[in-house]
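Trainee: Next up is a structure, given as structure tokens.
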Amino acid sequence: MINQMQQVVVAGRQRDSRAIMQALQTAGVLHIVPVEGTAGFQTGPLGGAAAEERRESERLLARSESSLAQIGVPRDTPRSALPDEGQWPELVEAVATPAAALEDQEAALRSDLDARKTYGDVAAVLARLAAGLDTRPRFAVLSLTTEKPEELQAADAALRAELKDRYALSSAPVRDGLTAVVVAVLAPDRDRARSALSKARLGELRLPGRFEAMPLAGVVQEFERVGKNSDAALSDVQAQKRKLAGQYGASLLSVRDALADRVAIDDARAQTARGKYGFVLQGYVPTDRVAGMNAALAPFGNGVLTELSAVDDHHNAGAIPVQLKNNDYTRNFEFLLNISDPPRYGTFDPSWVVAFFFPIFFGFIVADVGFGALFLAAAVFMIGRSKRGQSLPIGLLGLTLDPATLYQVGYVLRTMSLWSILFGVLTGEFFGDILERLHLFYVDPTLIKNFWGVTLTGGEHETGIIPILLPRVLPEFSTTLLLICIALGVVFVLWSWGLRLQLSLKHKHGHHAWEALGMLGGLVGLILLAFVSKAGRDFGALGNFGNPLVIIMLVGFAVFILGVIMSRAFLMVIEILSNGGNIISFTRLFAVGVSAAILANLATGVGWSLGGVLPVIGPLLGILVGLIVHTFLFALTILGHVMQPIRLMWVEYLNPTGFYQENGIRYNPFARASLRK
């Protein structure tokens, strides 16, 4: 749900402004907005001595952050006691100067190692071919590499056409597919030789950095020295960095946080209205945090005045910050809606809908005890890793999940896996129909007939221990599952337009209210049209006005026409068909789930059939092949298992509510750096 906000105005003496702002920052509850258009007060960026102090704080903050990054101090390192303010510049410089020097040394060493790794073997062959000619002033030596024999021939032909016989070309292989080439010419012919090589579309080899000016023999010697000494030198530099981090890291982090807080205070002061003797700031505070703000300002007594007022969520909802206030379970699902800004203040928070239905829909699709157990194992691993404060890099996606995000993902995955296991018990699936083949699960036609009213044919797998309640892969049961999914679509689409109507009436948006009312009526009429006519098989039933459903259908269509006229949204005639398609979209829960189950049964069947071929190796081979096929099919289908249910939430459910058209501002309280970590 969206937490209730109150608008607040704070006024105080100018000489106490920094202390008051620091108290509000420590409380960490006030969302500050700029004060504008106040006659007789200064607004905007600070000036004079305050601006100079801010620039100095920013400089020290930048120096401390770069130094912490250079010496590798983790942000979650425990802070030490904050040194006296007068010692901050000295402490920052005591770390920044050696840290920058060590960073330069490390960069140079790594550059040398990279150059040796890339050019070492090429330089050795080139030096042997040049035989010291590049050290003689009378000669010029051009070095290059070729990958094809045709390139070498083209170079020779271009040089011969340009220089006749005033050049020498020598080549030798470096490794497969790469040849080192040296061209020696008289010094005055250097540019003509380069021009000839350019015509052959070949460029001279340029070594990086300081190696460019060295003779080839000197490059080889330097590469040998780098190979012998650089690893030890690099280890020494890293050891010195660790020493700096251990000596100053905790103190520098405390100073860095204090500087960040100071800069943030100056930024907040720039949003106030300032006079010679006083200042005024405004913002928003959650209703349940007002006591914390008042407690923070209590030490100033009559030196500070506050005024609280109710927010105007009708005319000013777009400017009110939004804080979501949900229980622990729902809060872990909120990140699934972070693809957009939060909902506008005064509307509704769909987090609980996603938290409740998304894992159920996922479990309905997967519905396999075996795969659910795999998801559960992955979730337990993620949660355990997050509780140890460890991140999880995901190389395939090129991102790293921090411990907090990793916990949320693990929590959501754990919920999804438990629903998958529950539905797996109902469908009797364990990596397909393995347990059904072993007669642990079985299909009881009598039970299915009594429970669902569905008559099954065939007698395969009718003996076992646990009866299957959702035999989703059986053709006779397909219609029942389709109707369940369509019923879900009806509920969700009508629910979404009902929410749109309720919010439109609340905010007195007549145009949207008529649109929502008309769409609700049209959808009810469309649904009853399909129901009464038995999906188009009996259109004659639509003329039976003694059937109350026909009357309701006609009333629904009449309301739809009225909604089109009153809202003047004539495209609703097309949009209602799209919304009918949204209802049908819920059948993807059936289609994706059943197709995955059939593929899983196929994988199990392949392994099972191999197991019966050979007496000893057959079962082992069957398990191996089944595992490979299951893994391949799982990799192909897992993305759809996740995206299809969340898409139903994002698109089919949330789109009609106007969730993406009426976004709000995320609540961002003015707080200390240590509270924002």
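Computed from the coordinates by the stated procedures, all read-outs in this text should not be read as laboratory data. Owing to the predicted nature of the structure, the values given are computational and were not obtained by experimental measurement. As a convention, Cβ positions derive from the backbone with ideal geometry for all residues, glycine included, and neighbour counts pool all protein chains shown.
Trainee: For the range 196-349, what's the relative contact order in percent, using C-alpha pairs closer than 8 Å and at least 6 residues apart?
Mentor: 11
Trainee: Counting other C-beta atoms within 10 Å, which of Thr145, Thr446 has the fewest, and how do the rest follow? List each step's numbers first, then the result.
Mentor: Values: Thr145 18, Thr446 10.
So the ranking, lowest neighbour count to highest, is Thr446, Thr145.
Trainee: Out of the range 330-397, which trypsin sites (Lys or Arg not before Pro) are coil in DSSP terms and have no more than 11 other C-beta atoms within 10 Å?
Mentor: For trypsin sites (Lys or Arg not before Pro) across the range 330-397 that sit outside H, G, I, E and B with at most 11 neighbouring Cβ atoms in 10 Å, the list reads Arg388.
Trainee: Can you compute the radius of gyration and Dmax for the range 474-658, using only the Cα atoms, both in Å?
Mentor: 23.2, 77
Trainee: Here is a follow-up. So how far, in whole Å, is the C-alpha centre of the range 568-646 from the one of the range 4-31?
Mentor: The two parts, judged by their Cα centres, are 56 Å apart.
Trainee: Another one. Along the charge dipole of the range 123-182, pointing to its positive end and built from +1/-1 on Cβ of Lys, Arg, Asp and Glu, which listed residue (Ala158, Leu178, Ala130) has its Cα farthest out?
Mentor: Checking the options against the dipole of the range 123-182, the answer is Ala130.
Trainee: Same structure, new question: Where in the range 36-138 are there trypsin sites (Lys or Arg not before Pro) that are in a DSSP coil and have at most 13 other Cβ atoms within 10 angstrom of their Cβ?
Mentor: Those that pass, being in a loop and sparsely packed, are Arg75, Arg138.
Trainee: Just name one of Pro89, Gln70, Leu599: the one whose Cα is farthest towards the positive end of the charge dipole of the chain (beta-carbon charges, Lys/Arg +1, Asp/Glu -1).
Mentor: Of the options given, the answer is Pro89.
Trainee: Follow-up. Which value at 222 nm does the chain reach when only helices count, each DSSP H run of 4 or more adding -39,500 (n - 2.57), with the total divided by all residues and rounded to the nearest 500 deg cm²/dmol?
Mentor: Mean residue ellipticity at 222 nm (helix-derived): -19500 deg cm²/dmol.
Trainee: What percent of all Cα-Cα pairs in the range 195-261 falls in each 5 Å bin, counting up from 0?
Mentor: Whole-percent P(r) values from 0 Å outward: 4, 13, 10, 11, 11, 9, 9, 9, 9, 7, 5, 4, 1.
Trainee: A follow-up question, please. Which helices of the chain meet both criteria: a Cα extent of 24 Å or more along the helical axis and a mean Kyte-Doolittle score no lower than 0.5, with helices taken as whole DSSP H segments?
Mentor: 369-387, 403-427, 478-506, 510-532, 548-567, 588-611, 617-647
Trainee: Going by the alpha-carbon gyration tensor, a ≥ b ≥ c the square roots of its eigenvalues, is the range 539-638 rounded (a/c under 1.5) or, if a/c is not under 1.5, prolate (a/b greater than b/c) versus oblate?
Mentor: Numbers: a/c = 8.47, a/b = 3.07, b/c = 2.76.
Prolate, since a/c reaches 1.5 and a/b exceeds b/c.
Trainee: Using Cα centres only, tell me the gap between the range 228-288 and the range 195-220 in whole Å.
Mentor: Between the Cα centre of the range 228-288 and that of the range 195-220, the gap is 46 Å.
Trainee: I would also like to ask the following. What are the principal axis extents of the Cα atoms in the range 108-231, in Å, biggest first?
Mentor: Rounded to whole Å, the extents work out to 48, 33, 20 Å.
Trainee: Return Met649, Met643 ranked ascending by Cβ neighbour count within 10 Å, so the fewest neighbours appear first.
Mentor: Numbers: Met649 18, Met643 13.
In order of increasing Cβ crowding within 10 Å: Met643, Met649.
Trainee: Further question on the same structure: If you average the C-alpha positions of the range 126-160 and of the range 517-547 separately, how far apart do those two centres end up, in angstrom?
Mentor: Spelled out, the Cα-based centre of one part sits 86 Å from the other.
Trainee: Of Val311, Val473, how do they rank once you tally other Cβ atoms within 10 Å and put the fewest first?
Mentor: So the residues, fewest neighbours to most, are Val311, Val473.
Trainee: Mind checking which of Tyr411, Gly395, Ser533 is farthest towards the positive end of the chain's charge dipole, using Cβ charges of +1 (Lys, Arg) and -1 (Asp, Glu) about the Cα centre?
Mentor: Towards the positive end, the residue furthest out is Gly395.
Trainee: Remind me, relative contact order of the chain in percent, using alpha carbon pairs under 8 angstrom and six or more residues apart?
Mentor: Contact order relative to length: 19 percent.
Trainee: Starting from the coordinates of the alpha-carbon atoms of the chain, obtain the Kirkwood hydrodynamic radius over all distinct pairs and give the value in Å to one decimal.
Mentor: Result for the chain stands at 33.0 Å.
Trainee: Something else: Can you give me the Rg/Rh ratio for the range 584-646, using Cα atoms for both radii and the Kirkwood formula for Rh?
Mentor: For the range 584-646, the value is 1.16.
Trainee: I'd like the per residue volume of the convex hull spanned by the Cα atoms of the range 1-108, given in cubic angstrom.
Mentor: 211
Trainee: Charges only on Cβ, +1 for Lys and Arg, -1 for Asp and Glu: so what's the dipole of the chain about the Cα centre, in debye to the nearest 20?
Mentor: Dipole about the Cα centre, nearest 20: 740 debye.
Trainee: Give the range of the longest stretch in the chain that excludes all GluC sites (Glu not before Pro) found in loop regions by DSSP and having at most 11 other beta-carbon atoms within 10 Å.
Mentor: Values: sites that count: Glu36, Glu147, Glu460.
Between exposed loop sites, the widest span is 148-459.
Trainee: Determine the relative contact order of the range 108-231: mean sequence separation of Cα pairs under 8 Å and six or more apart, normalised by residue count, in whole percent. Let's see the in-between values first.
Mentor: Working: 162 pairs, mean separation 45.5, N = 124.
It rounds to 37 percent for the range 108-231.
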